[in-house]
1. Can you give me the long-range amide H partners of residue B:148? Hydrogens built in the peptide plane at 1.01 Å from N, cutoff under 5 Å, separation of 5 or more residues or another chain.
2. Using a Debye calculation, one point per C-alpha and no hydration shell, please list log10 I(q)/I(0) for segment B:2-130 at q = 0.14, 0.20, 0.21 Å⁻¹ in order.
3. Can you tell which of B:222, B:44, B:146 shows the greatest fluctuation in a Gaussian network model of chain B with Cα springs below 10 Å?
4. Report, in deg cm²/dmol and to the nearest 500, the calculated mean residue ellipticity at 222 nm for chain B, where each DSSP H run with n ≥ 4 adds -39500 (n - 2.57) and the sum is divided by the residue count.
5. Say each of residue A:298 and residue A:344 gets a label point 7 Å from the Cα, pointing the same way as Cα to Cβ; how far apart are those two points in nm?
6. In whole angstrom, how long is each semi-axis of the equivalent ellipsoid of chain B, when you take the square root of 5 times every eigenvalue of its Cα gyration tensor and sort them from largest down?
7. Taking amide H atoms as placed 1.01 Å from N in the peptide plane, list the residues 5 or more away in sequence, or in a different chain, whose amide H sits under 5 Å from that of residue A:223.
8. For a quick check, take a GNM of chain B with Cα springs below 10 Å and name the residue from B:188, B:77, B:141 with the largest mean-square fluctuation.
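No value in this document is a laboratory result; all are computed from the given coordinates. None of these values were measured; they are calculated from a predicted model. Cβ: placed from backbone, ideal geometry, glycine included. Neighbour counts: every protein chain shown.
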Amino acid sequence: MLRQALRSGAESFYLPDFCSSRAALGIVLIVELTAILLALARQGGAPGAAPDFWAELARASLFLLWVGLVCAALLCWSRKRLERLTVARGSAAVLLLLSAAIAAISAAAYFIGRSQLAIGAGTAAFFPSTAGPFLLRNVAIGFVIIAIALRYFYVTHQWRRNIEMRAAARVHALQARIRPHFLFNSMNTIASLTRSDPVLAEQAVQDLADLFRASLSDQRQTITLEEELEVARTYQRIEELRLGGRLHVNWDVDRLPRDARVPGLLLQPLIENAIYHGIEPRPDGGTVSVVGELAGELITIIVRNPVAERQSEREGNRLALANIRERLALLYGDIALVKAGRFEHEYIVTLRFPHVSAQQKA
Amino acid sequence: MLKVLIVDDEPPARERLRSLLAEIGDTEIVGEAGGGAEALSQAGALSPDVVLLDVRMPGMDGIEAARHLSTLEEPPAVIFTTAYDQYAVNAFETRAVGYLLKPIRKEKLAAALAQADRLTRPQLQRLAAAARAERRTHIAARNREGLRLIPIDEVQYFFAEQKYTTVRHLRGEDLIEDSLRALEEELAPDFVRIHRNALVAVRHLDRIERNAEGQYFVRLRGSEAPLAVSRRMAGELRERFRL
């Protein structure tokens, strides 16, 4: 389940895989329920004129099982192609494809039923004398039932996806918390400062406490962008003590709306990664730059750091990005965007999400 | 008096070691370095008894620095320090190599200094593998002035002759003590064996030639002399590089 959610990005098509026996069983169930519904519907009318329920059910089942299994086979066969379409187009394609299949099967059933051989067996009574209305009625019933089934699959799929995303976000939140490497190095820095500069040591302890409070807080709760910027700056202060003059951070965030609602620990992990992968490995250090813009109702924040020539993508970095991506998506859906990649000698992460003021909170 | 060299890229960490050493007494801090390369030049000049060596440093890390230190005529004892590094700590534990966890306790530092040991080269080589240390960035050659560091990117080939290995690089030639086999294991796939006695940098390979007797040779960029390729390696080499 987790791996599925991690694959995120491309949304998988919502229909189950009809090539599996489990889905085929589901089809048989839907078919039988429809057959019962149809047989029951015929029971009305004048007493005596009503056909026998069981015979009616058997006939309807025979016909509908053909329809159901052919439809399943078609969905199994066309799955690869459907996956490439959007939800709306895919659904329309399924409706058209299956309606055509129903029309074809109905036509086949009609001609077999009306053939000389079958008339001899007494089946002619079940078919009207012209094919038109028979076909039309079957396609119409099929269309409605397929539409209901599609809707059902779509809703279940969305519901499952939501649960998976929440689970993944929780796991990632746990993994994305403060690195032990950072914790122990900071402790060492504080141990050193306690002797040489007690005032600075006191400030470092307070900063570390604030940072841990932020990382332990419930990540489902949102905070204001101002609060998150402060957490990121607190982190920067601790790292500056440790790395001395090697670390520079350029903040260009005055244009950002301070009251914007964001998930907690949105920026701090990005700054942490930028320092861990971009600054620490360089003997001469470097500059991390953070630029924030507000265009219309969209907030864009870009974090850049220099990268070494041969550096490869690291596990920790991907986890942090996946976590931020999920939490932004839970809050803002598809409007939120997280992009990351290296461009020449820089690693650039871009966040984009709508400006929703914390007061507007529903 | 024990002569100690402190190596750590973080100034507060160095400061803490200074004050702890002052309290322990009977030690003399002969120098401080902020990185691996600096540590090597200081160690050559100051000949410390013990080097306190941080594992994670930018540029050349502690484990590589220790490997180069071991090639010195009088190699110092080494005590590694680290804040958090699972692989390195496991490697130190299983090989009984001295290490200290930050924040370092005074008693533990004193105990480590009392029993600090020199590390042998094979021991360090195995340690580097177990600690999943990054590949060495330099090859160290000992000369009259101390250690000469040759960036691996500048090495054209290694050539084995009896007891020594010659490293040919863009700025000349040096003798080193590493065996060709160990170098091949460590530097693959950037270096390939072309003969029992030669290991060549792939990035400096230019072309492969064949003379009238059917003997193959490779030519390296910026090097005039061709190197003989053994018959066994010739086919493999041509296939791999489409030369």
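1. B:141, B:142, B:143
2. Debye intensities relative to I(0), on a log10 scale: -0.52, -1.16, -1.30.
3. B:222
4. Numbers: 8 runs with 80 residues, N = 243.
Taken over chain B, the calculation gives -9500 deg cm²/dmol.
5. The answer from the label model is 2.4 nm.
6. Largest first, chain B gives 41, 17, 14 Å.
7. A:262, A:264
8. Ranking B:188, B:77, B:141 by mean-square fluctuation puts B:188 first.
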